[in-house]
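Report on the structure given below.
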Amino acid sequence: MANPPLIDIRKLCIGFSGRGGTILPVLHDVDLAVCRGESLGIVGESGSGKSTLALAAMGYLKHGLEKIDGEVIYDGVDMFARSPKELQRIRGGKLGLIPQNSGQSLTPTLRIGQQIDEVLHLHCTLPKALHEARAIDLLTQVRLPDPRAILRRYPHELSGGQQQRVAIAMALAGEPDALLLDEPTTGLDVTTQAHILDLLRELAVTRKMAMVYVSHDLGVIARVCDRVLVLYAGETVLIGPAAEVLRDPAHPYARALLASIPRLCDQQLPRALNGRPPSPGSHHHGCAFAQRCALATETCRTERPPMTAGAGSQSTRCLYPDRVSEIDIRGGGGAVPMVCPADSPPALTLKDVTIRYQRPSLLARLRHRALNPATVEGISLTLRHGESLGMVGESGSGKSTILKAIAGLLAPAEGQILLDDNTLLGTTVERRRPDQLRRLQIVFQNPDASLNPRQSVAEILSQPLRLYFGLRGEALQDRMVALLDAVRLGASYLDRRPGQLSGGEKQRVAVARAFAADPRIVLCDEITSALDVSVQAAVLELLNDLKRVHGTAFIFVSHNLAIVRVLSDRVAVLYQGRLCEIGPTAAVYSQPSHPYTEVLLSAVLEPDPDHAPRLLTEDRAELSPPERGCPFQRRCPVKAGAICETDAPPWQETGNGHAIRCHLPLTALQNRICG
Amino acid sequence: MSTATLTARVVCILRDMLARPSGAIGLTLVGLHLVIAVTSPWIAPFDYTEMNATMTLSGPSAEHWLGTDHLGRDVFSRMLLGGREALLITGIATPVALLWGGFLGVFLGLRGGWLDEVLMRVVDAFLALPGILPLLVLITVFGSGGEVLMPTLAFFFGIPVIRVARAAAHEVVARDFISAARARGHRPLDIVRRELMPNVTDTLLVEGAMRWSWMLLGFSALSFLGFGVAPPRPDWGLMVSDARVYMSLAPWGVIAPVIALSTLIIGINLTADALAKTLGLDQSRKAVV
Amino acid sequence: MFALIVRRLALGLITIGLVSVIIFLGVEALPGDACTAVLERDAVGEALEKCRETMGLNTPALTRYGAWIGGALHGDFGLSANGQERISDLVGFRVRNSLLLAAGALSVGIPLALCLGTLAALRRDTWVDILFSTGAILAMTIPEFVAATLLILIFAIWLGWVPAIVLTPADAQPLEFFPEFILAAVVLTMLMVAHIMRMVRSSMIDAMASDYVQMATLKGVPYWRIVFRHALPNALLPAINVIALTVAWLLGGVVVVEVVFNYPGLGRLLVDAISGRDLPVVQAITMIVAATYVGVNLFADILSLALNPRLRSHQMRVR
């Protein structure tokens, strides 16, 4: 490109001081350049230094970090050499940031209007009288409904998606030439994410801004970026045009990463990436990825590879750019998912389960006040022996709530939960027999919370073994080692505490603890969502193995449709605590389908430059389900009419156990909603 | 937890604390005070009642290192002996306060419901009583012997512990590992013992160290006001109170017990601070990356 | 919002009610009563009976509690143990004097504590912070009577700048206390500043490390504007309750300092009353102090509810 880059980072090294005054690097020799109108994606797993890099581009380092070497040139001048006055002028003005977690990045005690006004006051030449009009204009640009009301709200009164839009509006208020985005859609629902990305793409095109987009999600990068930089352990390992990097990356790590991402169309499990990345600040000779690389040779471990030309116009930090194609990048190259026979008997039956979080107060009952709609209502489903049932839905869909009720941690207000199809389970654990409890185990979303930090792995695993089987001494020890082997951790882990384990290892311990009970049914609550993609694949593989070996039935709750697809025999789609659709996985993921399923499926992002999500409905956040009619009535793109608001939709069978709950006839649901 | 692992953990915590400057200084100060308290009857150069009528309010000399008080008693000896009663009484009352307050707090935190609601109101009411007033009233009526002071201190200093323990229990109960244990079907008592208490005891340990220093402050204030240790037995608070009148003539009489008392309390505070940091309970500590 | 305040008020009233019961029962449980205290050795037979009758001590406890609390609500705490003085007259000036002392300490202490705490947080881990924090720990750990004694030694005896103790009678004009009560006010200010400063420092450190302060920096907001507009309001919210506790303590629990300086406040009256076994006075003072404590905390609760938008709607949702 002829014009000089707007952001030009050269040989940037950033580190923190460890004990004894040694400098531990977080970023190592990073170079990048972004021109006006270009967008660069920075991809990496947690601890790769990607957020540090984005913030460094603004001349900002978090507390404790220091620049060791290199330059961050913005518009011709090094950001770290600028005076505080100049930095204040540029930051938030010509150089804007959209932060990862807008909910926490907006000052809680200031109204949205005051915060936008502050940016206008600092960076905009408009006369004060026009500020409010400009703020409303900005909020309209980011497609927020009723901007005038939003100005008067406090941050916590907005939904996650709305907060993110406000943050975008605030960055736009400074009329930036360059925009840094630090995981701006992480933690948002798929439909909201798709909407925000759509907005960002449009902004990038219309405003000719330079964009640096940091994300762990290759799907997001594929959607918005022209070029991609892959970071691994603080080093650039690959840089190149987005289409090339996503189709045929020239670095083994990028290839393995691509293969570990589950995709909607996959028939097989994603391929897991073994090992874990070096922790931030650790020193290594040679290639940082050598330990996990399938191509690694002795040279790789001793010699740090330079950046060299790879396939197409990519540059890669690999000694063997010609051999990288040996690593398969196709997702779904992993294990074959275990399928359960369709005629196996039921292991768990839910009949009309309804759950309310708030119990009606005495006063409300005396006044005969109508109850708020229940959080979860009328859930009836069957889980067969050896089957895995996926439950998908966005936040607030009640999927975790249902799991808690099945586990007996939350008493349903109405309905029954039966073991097999004949043994009625008590509403809470206190009313269940030990044997019933043993057969039903739960694994929680966040292993940091579900493992007692004060117990060693041995203590954690011994609890169910003692409780259910009364194991002692040698027998206990042997069983614990066997369990750790089963989750591919060794006996050496017995003495460690959760604080000494990585996220993936912790989740394996949690899985091992569940399997220690030799359960018939395991409830998995978003168990991979706190993990990095490459680690996630390994946990999925583990679950599949356990299912094959033990014939255990799973209920697998997730917001990620691709994960649910590869792991599940059947899928249930939930919206606002009500079932929308249920049936064999293949049937649910194809036509005909419920409008909400369709909305979810089309919003999924894939790491594929040719794939674009479709936005079928607005991403309005709903706080409580409607009192009557179809739960999806307020957002449905193909609403049948007034009947949706008054009558609960009927179940329509398509055969093979696939049922859709909608007023529209199946023929209308047969066709894809838009082309 | 078995005795062996418990000992290992205590050793581990102590080693970690000693590695911090605050812990090293704090533990040294507290240790020094304890050693002096135990050995002072043997190492003190004079008996605490021994009066030297010819040498009242004298300054430091070779014979009386820190001079003498208004009755001609050796200040240095009285300083060495002056912490024994305070340390003994608070040393027993603190753990008792911690135990009963801690148990009741955890119990209420877990049980909730009407009992929790009612008892917490009573706790609030007790906390509203001004400072050392209840102590003063009880002592004036029943006398100020250790047999009155100890249970009284243990009772009144246990009340704020209820709040702390209850809040800590609330915080831990909300975590998933408690749900996991419940879902497995462990008995409630086992869950409390195995899952909950190890996490609450850390908070209580730090709280206990802080309570100890406050109790010492309270105890010395009582002595100072004349409601604590009865003369002629030596006590730092009482010594300050006595020597205050002659402050302009013999400042050593005030300064010596002041230094003794202050070093002990500062030592306890530094220890508590180091303990909190070692156990990871320090709020202001943030990870670098 | 309104319902929440009503709820807090009700809880406060319940607490005060419970306090009154505890105080009444506490005194009731003690051996002896006002008559045995007044009559001392003569407290036998007829004289005791007669005294009890005149003081109404023969009626059931519940009736006496009702009469006491009814009077207290009107500001009338009855007569002192010797039957000579009205407690309200005795206490009136003392309350004023204690308030005077508290006002002196608060008016200097709160602004000072906020400034020092903020400064220590902003200059975290520098010599400024270390100096302030160490000072605060010293001020908090040294007993009040020790600090008071040392100050007297230095400023009254060695330097002779201010009088060592207060000799002004309780019912003097407020201005007459002026040079004498300075040292007492200084001791209280030191303690208060230490407590509040530490709290402000730690919550300010949290606020400055928060995502929203980082975001404000990266929006190009000037440093001092970040401090005052973004960080400080959020840091002060959790400090409100600590300030309230300190204020409540100042208004009631400063027994030791008042005794050391011979200051004619509520605290000294309390010690005198206890020494003289004047139980009605003890009851009255305790009740006043407890009510102040509850009132100040209630005020702080309502204030933080009003100032914290997050708390406000969170509480409403929880309910």
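For region C:203-225, the set of residues classified as more than 10 Å from chain A (Cβ to nearest Cβ) and in contact with a Pro (Cβ under 9 Å, 6 or more places away or on another chain) consists of C:Ser203, C:Asp206, listed by residue number. Just one of the listed residues (B:Asp235, B:Asp190, B:Asp202) is at the interface with chain A (Cβ under 10 Å from one of its Cβ atoms), of a type outside the set (A, V, I, L, M) and within 28 Å of B:Leu34 (Cα to Cα), namely B:Asp202. Here A:Ser590 meets the list (1) out of contact with any Ser or Thr (no Cβ under 9 Å at 6 or more places or on another chain); (2) open to solvent by 10 Å² or more (accessible area, probe 1.4 Å); (3) not in a loop (DSSP other than H, G, I, E, B) almost entirely, failing just condition (3). Within region B:190-248, being under 13 Å from B:Glu85 (Cβ atoms) and of a type in the set (Gly, Ala, Ser) holds for B:Ser220, B:Ser223, B:Gly228, B:Ala230, B:Gly237. Please indicate, with yes or no, whether at least one residue in region A:386-402 is at pLDDT 85 or above, within 14 Å of another protein chain (Cβ to nearest Cβ) and assigned to a strand (DSSP E or B). There is no residue in region A:386-402 that is at pLDDT 85 or above, within 14 Å of another protein chain (Cβ to nearest Cβ) and assigned to a strand (DSSP E or B). Only one of the listed residues (A:Asp478, A:Asp448) is within 11 Å of chain B (Cβ to nearest Cβ), in a helix (DSSP H, G or I), open to solvent by 50 Å² or more (accessible area, probe 1.4 Å) and out of contact with any helix residue (DSSP H, G or I) (no Cβ under 6 Å at 6 or more places or on another chain). That residue is A:Asp448. Given the condition farther than 28 Å from C:Val257 by Cα, open to solvent by 50 Å² or more (accessible area, probe 1.4 Å) and out of contact with any Cys (no Cβ under 9 Å at 6 or more places or on another chain), answer yes or no: does some residue in region B:118-130 qualify? Checked against the condition, which is being farther than 28 Å from C:Val257 by Cα, open to solvent by 50 Å² or more (accessible area, probe 1.4 Å) and out of contact with any Cys (no Cβ under 9 Å at 6 or more places or on another chain), region B:118-130 yields at least one hit.
Scanning region A:140-169 for residues that are outside any loop (DSSP other than H, G, I, E, B) and open to solvent by 30 Å² or more (accessible area, probe 1.4 Å) yields A:Thr140, A:Gln141, A:Arg148, A:His156, A:Glu157, A:Gly160, A:Gln162.
One line per residue, one yes/no per condition, for (1) at pLDDT 90 or above; (2) surrounded by fewer than 17 Cβ atoms within 10 Å (Cβ to Cβ); (3) under 26 Å from C:Leu122 (Cβ atoms):
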| position | (1), (2), (3) |
| --- | --- |
| A:Cys35 | yes, no, no |
| A:Gly41 | yes, no, no |
| A:Gly44 | no, no, no |
| A:Leu53 | yes, no, no |
| A:Lys62 | no, no, yes |
| A:Glu66 | no, yes, yes |
| A:Asp78 | yes, yes, no |
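Selection within region A:1-23: residues that are in a strand (DSSP E or B) and within 11 Å of chain B (Cβ to nearest Cβ). The member of this set that is most open to solvent (accessible area, probe 1.4 Å) is A:Ser17. For C:Gly75, the conditions (1) within 30 Å of B:Leu249 (Cβ to Cβ); (2) free of Cβ contacts under 8 Å to residues at least 24 places away in the same chain all hold with the exception of (1).
Where strands (runs of 3 or more DSSP E) sit wholly within region A:24-131, those with at least 3 residues that are in contact (Cβ under 8 Å) with a residue 60 or more places away in the chain and within 12 Å of chain C (Cβ to nearest Cβ) occupy A:95-98. Could you say which residue among A:Val457, A:Val429 is of a type in the set (Val, Ile, Thr), at negative phi and facing chain B (nearest Cβ under 8 Å)? Every option except A:Val429 fails the conditions. Among the residues of region C:154-203, write down those that are part of a loop (DSSP other than H, G, I, E, B), among the polar types (S, T, N, Q) and touching a residue at least 60 places away in the same chain (Cβ under 8 Å). Passing the criteria: only C:Thr168. What residue, among those in region A:617-640 that are touching a helix residue (DSSP H, G or I) at 6+ places or on another chain (Cβ under 6 Å) and open to solvent by less than 40 Å² (accessible area, probe 1.4 Å), is modelled with the lowest pLDDT? Among them, the one singled out is A:Asp619.
Of all residues in region A:503-523, those that are at positive phi have Cβ atoms under 9 Å from Cβ atoms of residues that are open to solvent by 10 Å² or more (accessible area, probe 1.4 Å) and in a helix (DSSP H, G or I), 6 or more apart or on another chain, in A:Asp518/A:Arg438; A:Asp518/A:Arg439; A:Asp518/A:Tyr468; A:Asp518/A:Phe469; A:Asp518/A:His550. Among the numbered conditions (1) open to solvent by less than 30 Å² (accessible area, probe 1.4 Å); (2) under 25 Å from A:Asp435 (Cα atoms), the only one that A:Thr528 does not meet is (2).
Would you pick out the residues in region A:405-457 that are in contact (Cβ under 8 Å) with a residue 40 or more places away in the chain and among the charged types (D, E, K, R)? Across region A:405-457, the qualifying residues are A:Glu414, A:Asp420, A:Asp421, A:Arg438, A:Arg439, A:Asp448, A:Arg454.
All conditions in (1) more than 8 Å from every other protein chain (Cβ to nearest Cβ); (2) open to solvent by less than 50 Å² (accessible area, probe 1.4 Å); (3) of a type in the set (Val, Ile, Thr) hold for C:Ile154, with the sole exception of (2).
Tell me whether region B:253-271 contains one or more residues that are among the small types (Gly, Ala, Ser) and either within 14 Å of chain A (Cβ to nearest Cβ) or more than 18 Å from the chain's Cα centre (by Cα) (or both). Checked region B:253-271: at least one residue is among the small types (Gly, Ala, Ser) and either within 14 Å of chain A (Cβ to nearest Cβ) or more than 18 Å from the chain's Cα centre (by Cα) (or both). For region A:426-445, does any single residue satisfy the condition of being assigned to a strand (DSSP E or B), open to solvent by less than 50 Å² (accessible area, probe 1.4 Å) and modelled with pLDDT under 90? No, every residue in region A:426-445 fails to be assigned to a strand (DSSP E or B), open to solvent by less than 50 Å² (accessible area, probe 1.4 Å) and modelled with pLDDT under 90.
Contact map, region C:34-63: residues that are within 20 Å of C:Gly276 (Cβ to Cβ) and surrounded by 16 or more Cβ atoms within 10 Å (Cβ to Cβ) paired with residues that are hydrophobic (A, V, I, L, M, F, W, C) and modelled with pLDDT of 75 or more, Cβ distance under 7 Å, separation 6+ or inter-chain. Pairs shown: C:Ala34/C:Leu279; C:Ala37/C:Leu279.
Scan region A:132-164 for residues that are more than 14 Å from chain C (Cβ to nearest Cβ) and under 20 Å from C:Leu307 (Cα atoms) and jot them down. Result: A:Ile150, A:Leu151. On the basis of being in contact with an Asp or Glu (Cβ under 9 Å, 6 or more places away or on another chain) and either surrounded by fewer than 22 Cβ atoms within 10 Å (Cβ to Cβ) or within 14 Å of chain B (Cβ to nearest Cβ) (or both), does A:Pro498 make the cut? Considered against the rule, which asks whether it is in contact with an Asp or Glu (Cβ under 9 Å, 6 or more places away or on another chain) and either surrounded by fewer than 22 Cβ atoms within 10 Å (Cβ to Cβ) or within 14 Å of chain B (Cβ to nearest Cβ) (or both), A:Pro498 comes out as yes. Among the residues of region A:597-616, the one identified as open to solvent by 20 Å² or more (accessible area, probe 1.4 Å) and among the small types (Gly, Ala, Ser) is A:Ala612.
For region C:210-319, give me every one of the helices (runs of 4 or more DSSP H) that falls completely inside it and has 3 or more residues that are modelled with pLDDT under 85, of a type in the set (D, E, K, R) and open to solvent by 30 Å² or more (accessible area, probe 1.4 Å). Passing ranges, in order: C:309-318.
The values are calculated or read from the model by the stated rules, or taken from the named source; none is laboratory data. Quantities reported herein were computed from a predicted structural model and do not represent experimental measurements. All Cβ positions, even for glycine, are placed from backbone atoms using ideal geometry, and neighbour counts span all protein chains on display. Accessible surface is based on the protein model in full, side chains and every heavy atom, while ligands, DNA and RNA are left aside. Shrake-Rupley method; radii C 1.70, N 1.55, O 1.52, S 1.80 Å.
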